[in-house]
Every structure is written in structure tokens, then in C-alpha cells.
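Sending over a structure as C-alpha cells; questions will come in a sec.
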Amino acid sequence: MCTKRTNTHMTTTLFRAILSAVFILQATISFAQDSTQKRTHFYTGVYNELPEYSNFPVIGVVNICNGNQHNVQMGFTNVNQKNFAGAQIGFTNAIGGKGKGSQVGFANVCKDSFDGAAIGFVNLAGNRTDGAQIGFVNLSRSYLNGAQVGYINVAATTAEGAQIGFVNACRDSLSGMQVGFLNAAGGKADGVQVGFVNATGRSMDGGQVGFVNVAADSLKGVQVGFVNATGKHLNGAQVGFINIADSISKGIPVGFISFVRKGGFKAIEASYMEMYPFNLAFKTGVKAFYTTFVGSYNPDLKNKFALGAGIGSNIALGGNFFFNPEALSQVTFEKHPQQIVSLNTLIGFTFAKRLSLIAGPDLVWLHKDGENDNTLYKPNTSLYYEKLDARNSLHISAKAAFRVTF
């Protein structure tokens, strides 16, 4: 027991001796500098106020350095009134001019530009940032050239590099990458945005991947998400559930619903098919790839109505003729629905500016759901019919349609 207390006492005494030696050394150096520069300062080991160009480590609870400094400051609060090069390590760190080196603490502030790494809960650069800000809130009041990693990352002008956090924003252009829940660039973006919501105030040259992707001006690249929107020109690809573009010249939207105001494809079509003699369909997208939604009616069936959706393409053959392949899936309204899957190989002829006639053969697979209900519908007309089993059949028939584009 006595040995343990003795060891503890010796350790405490040694620590105090080392700390006293450091204080005496710093006080001696400071006194020598004061004798030369004729500047007074305070150095107590708790509160330290040093003159300009004190290029030696400063250790205390509160460290105040006047003028320009090139040293290390370690304490609860570290303040340098002008330019600083070195390291500040404490709870709060502040530089009144330009900073170069590192700041590590809860709150790190540099009034002018900062070149280096700031690591803390809040990191603020009053001008540009060349380097990294890592914390909960990171703000560069001019451009960012490097990286911001935190919950909220803001570059007040441009950002060149990476912003990774929950919210990432730059007021002007972005050149690099934003990864977070919400990513926004007020100007143009040249790079990648990955998040739940991605937005650019002007053009996007690169990629957006998220739930909602918006390029207020043009897009040159790709958008992948649930909703993709381009305010003006699309030059690339949109892949999502809903795709919106004002115009398109070289690219394609691929989705459940795609709207292109200029250069897109929209049509209403009335058709006859082997299972349903009355069909009305709406088609939207571009000619190279569009989606179609169809409602069908057959007065002779017990369950007269069916709904379906599919995809298709219009491929020019020369003159007014075009090849129109389509894939369509329809479902009947009943307790044990029947599914009708058809592959259509159609030839179309445009006989007026917006009017076309389409016809051709189709291959149809019919499937009946439900183990105890084996009543399969049969086509009104067919070139070939094969009942595969009690719940499946295959047949070849034909489709004819009248289409109005707008």
C-alpha cells in the first residue's frame, strides 16, 4: 500500500517538475525576446500574452498572440491577432488574418483565407479554403479548394474538390463531387452529385444519382433517380421512374414516364388486338424509347376490362414507313386475374403530319392465376394457338392501330 502511494507521489512530483521547466524555458525565451524587441507580455502558464514573432510553443489555458506568429499554441483558448503559421490545438482557436497549418478544436475560426486542415465541431474560414475542413459545420466564405467533411458543408462561392455530409452547398459553380442527403450548386456543376436530392442552378456536366435530380439548365451526362428533371437541354441519359426535359438532341430518357417538350414523342392510339377489340393507349417518351399505358375492353368476356403498360420504339425505315416493336403486359380485373404478355412486331405508315396506321403480327402468352380456376380466355382470332396446360396458352395473332401524335 505504501509502495503504491510512493509511486503516485513520485509521478506527480515529476510531472510538476517537467511542467515548471517548460514554463521557465518559455519565460526565459520570452524575456530575451522582450529585451530585444522592448515589448511587454504576460506569461503565467495559465494566461499567456505574447508579442509578435514569438516562434516557440505556447502552452497554457488562454493564449493570446499579438501580430504575426509561426509557432504552436496549445490551450483551452488560442487567439492569434494577425497571420498565423503552425498549429492551434484547443477548445476554441481563432486567427485574425491568414492561417496556414492546422486548427484542432471545438470551434476553429480564421478571419481570412486558410491553407491547411481545420478539425473541429465548427470550422469557419472568412475567405477561401485550400485544404480540408472536417467537422459538424464547415463554412468557407469564399471558394473551397480541397474537401469539406461534416454534417453541413458550405462554400460561399465555388467549390473545387469534395463535399461530403448531410447537406452540401456551394453558391456558384461546383467542380468535383458532392455526397450527402441534400446536394446543391447554385451555378453550373462539373462532376458528380450523389444524394437523396441533387440540384444545380445552371448546367450539369457529369452525373446525378439520387431520389430527385434537378439540373435547372442543361444536362450533359446522366441522371439516375426516381425523378429526373432538366430545365432545358438534355444531352445524355435520364434513368428513373419520372423523367422530364424541355428538349433533347442527343440522348435518351428511360423510365416509367418520360416527358420531353421539344423533340419528344407523345401519342394517343386506338387499336384492335386479338384478346380485346377495343383498346385506347397513351404513349410518351422519345421515338427511340417510349412507354405506353393502355386500357382494354371486350364486351364478350365475363370480366370485360384490363389495364396494361409496356415499352416500344419507332425506328425509321425510309420515306413514311417505320418499324414499331412493342412489349406489353396486361392484367384483367377479377379474383384470379389473367396476365396477357405480348411482343408486337409492327410496321407503321405515316400518311399525314400527325396520323399513322400500324399493323403487324404479335406473339402472346396468356397465364391464369389461381390453382383452382383453370378457365383460360381464348383469342378472338389467331394464326396459331397452343394450350400449354390448364393455366397457360401461347398464340400468334395480329394487331392493327390508328395513332395520333402531338
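Would you pick out the residues in segment 156-166 that are in a loop (DSSP other than H, G, I, E, B) and under 18 Å from the mean Cα position of the chain (by Cα)?
Initially, segment 156-166 is screened for residues in a loop (DSSP other than H, G, I, E, B), giving 156-158, 165-166.
Those that are in a loop (DSSP other than H, G, I, E, B) and under 18 Å from the mean Cα position of the chain (by Cα): 158, 165, 166.
Right, another one. List the pairs whose first member sits in segment 88-107 and is over 18 Å from residue 137 (Cα atoms), whose second member is among the charged types (D, E, K, R) and in a strand (DSSP E or B), and whose Cβ atoms are under 6 Å apart, counting only residues at least 6 apart or on separate chains?
From residues that are over 18 Å from residue 137 (Cα atoms), the pairs are 100/115.
Out of (1) open to solvent by 30 Å² or more (accessible area, probe 1.4 Å); (2) among the small types (Gly, Ala, Ser); (3) within 14 Å of the chain's Cα centre (by Cα), the odd one out for residue 186 is which?
So the condition that residue 186 fails would be (3).
Need the failing condition index for residue 233 against (1) within 23 Å of residue 157 (Cα to Cα); (2) at pLDDT below 95, just the number.
All conditions pass for residue 233, except number (1).
Same structure again: Any idea which residue in segment 143-155 is nearest to the chain's Cα centre (by Cα), counting only those that are assigned to a loop (DSSP other than H, G, I, E, B) and either at pLDDT below 90 or surrounded by 20 or more Cβ atoms within 10 Å (Cβ to Cβ) (or both)? Walk me through how you get there before you give the answer.
Initial filter on segment 143-155 (assigned to a loop (DSSP other than H, G, I, E, B)): 143, 150-151.
With the extra rule that they be either at pLDDT below 90 or surrounded by 20 or more Cβ atoms within 10 Å (Cβ to Cβ) (or both), the set shrinks to 143, 150.
Numbers: 143: 21, 150: 16 Å.
Here the answer is 150.
Considering segment 203-247 alone, what residues qualify as being within 16 Å of the chain's Cα centre (by Cα), assigned to a loop (DSSP other than H, G, I, E, B) and buried (at least 21 other Cβ atoms within 10 Å of the Cβ)?
Scanning segment 203-247 gives 203, 210.
Which residue is most open to solvent (accessible area, probe 1.4 Å), if the candidates are limited to segment 276-295 and must be under 19 Å from residue 263 (Cβ atoms) and outside any strand (DSSP E or B)?
Checked segment 276-295; the qualifying residue most open to solvent (accessible area, probe 1.4 Å) is 287.
Could you tell me which of the residues 56, 136 is of a type in the set (A, V, I, L, M, F, W, C), surrounded by fewer than 21 Cβ atoms within 10 Å (Cβ to Cβ) and in contact with a helix residue (DSSP H, G or I) (Cβ under 8 Å, 6 or more places away or on another chain)? So that I can check it myself, show each step before the final result.
Details: 136 fails: in contact with a helix residue (DSSP H, G or I) (Cβ under 8 Å, 6 or more places away or on another chain).
That would be 56, the only listed residue that is of a type in the set (A, V, I, L, M, F, W, C), surrounded by fewer than 21 Cβ atoms within 10 Å (Cβ to Cβ) and in contact with a helix residue (DSSP H, G or I) (Cβ under 8 Å, 6 or more places away or on another chain).
Any residue in segment 296-311 that is open to solvent by 50 Å² or more (accessible area, probe 1.4 Å) and farther than 25 Å from residue 385 by Cα? Walk me through how you get there before you give the answer.
We begin by selecting, within segment 296-311, every residue open to solvent by 50 Å² or more (accessible area, probe 1.4 Å); these are 297, 299-300, 302, 304-305, 307, 311.
Next, from what is left, pick out any that are farther than 25 Å from residue 385 by Cα: none.
Looking for residues that are open to solvent by 50 Å² or more (accessible area, probe 1.4 Å) and farther than 25 Å from residue 385 by Cα, one finds none in segment 296-311, hence no.
Right, here's the next one. From 311, 340, 347, grab the single residue that is more than 30 Å from residue 244 (Cβ to Cβ) and modelled with pLDDT of 95 or more. Full working, then the answer.
Numbers: 311 fails: more than 30 Å from residue 244 (Cβ to Cβ); 340 fails: modelled with pLDDT of 95 or more.
Result of the check over 311, 340, 347: 347.
When you go through (1) touching a Leu at 6+ places or on another chain (Cβ under 9 Å); (2) assigned to a strand (DSSP E or B) one by one for residue 357, which number turns out not to apply?
With respect to (1) touching a Leu at 6+ places or on another chain (Cβ under 9 Å); (2) assigned to a strand (DSSP E or B), residue 357 is out only on (1).
Being part of a strand (DSSP E or B), of a type in the set (D, E, K, R) and out of contact with any helix residue (DSSP H, G or I) (no Cβ under 6 Å at 6 or more places or on another chain): is that true of residue 112 here? Quick ask: steps written out before the conclusion?
Details: part of a strand (DSSP E or B): no; of a type in the set (D, E, K, R): yes; out of contact with any helix residue (DSSP H, G or I) (no Cβ under 6 Å at 6 or more places or on another chain): yes.
Here the answer is no, as residue 112 does not meet what is asked.
Just give me the residues in segment 300-322 being free of Cβ contacts under 8 Å to residues at least 12 places away in the same chain, part of a loop (DSSP other than H, G, I, E, B) and not charged (D, E, K, R), in sequence order.
319
Can you name the residue in segment 385-395 that is open to solvent by 60 Å² or more (accessible area, probe 1.4 Å) and not charged (D, E, K, R) and is also farthest from residue 346 (Cα to Cα) among such residues?
To start, the set of residues in segment 385-395 that are open to solvent by 60 Å² or more (accessible area, probe 1.4 Å) comprises 385-389.
Imposing the further condition that a residue be not charged (D, E, K, R) reduces the set to 385, 388.
Numbers: 385: 20, 388: 26 Å.
Top of the filtered list is 388.
Taking the options 325, 379, name whichever one is in contact with a Ser or Thr (Cβ under 7 Å, 6 or more places away or on another chain) and in a strand (DSSP E or B).
After applying the criteria, what remains is 325.
The values are calculated or read from the model by the stated rules, or taken from the named source; none is laboratory data. Quantities reported herein were computed from a predicted structural model and do not represent experimental measurements. For neighbour counting, all protein chains shown are included, and Cβ atoms are generated from backbone atoms with ideal geometry for every residue, glycine included. Side chains are part of the model used for accessible areas, which takes the heavy atoms of the whole protein and leaves out ligands, DNA and RNA. Shrake-Rupley method; radii C 1.70, N 1.55, O 1.52, S 1.80 Å.
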